[in-house]
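Asks: Below is a structure I'd like to ask you about.
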Amino acid sequence: MRALTQSRKLLGLERHQYIMEGIYVDIAFIGVNGFSLTHGLTTPSIEEARVVKKVMVNAQKVVVAVDHTKFNHVAFFRLCTVEQIHTIITDVRTPTGQIEHLRDKGITVILT
């Protein structure tokens, strides 16, 4: 029974990846579990990483929503580097140095 359950999950994942390859968006809004200037945007889920990567590749712009608690945190799978995003929406408690560094890279930072 366990093998059958695992194969169904795999088939579901493959189906989602196939579907996402054909979707094109102007703006992809992405949420992440970890945000690091060195390691990029990360998530603990390989399934989520695979699907989000497909969406990002087919987007004209990538907007990331990330609160201050996610900065300098690294989860297991990398979605992309910081240089691959266009805009970050974050809260005012995000460290000023992080915001300045992102703006120096040409990334738009919106504080809420």
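The values are calculated or read from the model by the stated rules, or taken from the named source; none is laboratory data. Here the structure is a predicted model, which means the values were calculated and not measured. We place every Cβ from the backbone using ideal geometry, glycine too, and count neighbours over all the protein chains shown.
Asks: When only residues in the range 40-56 that are farther than 23 Å from L111 by Cα and β-branched (V, I, T) count, which is surrounded by the most Cβ atoms within 10 Å (Cβ to Cβ)?
Replies: V52
Asks: Same structure, new question: Find the residue count for the range 85-97, including only residues that are modelled with pLDDT under 95 and under 16 Å from L41 (Cβ atoms).
Replies: 0
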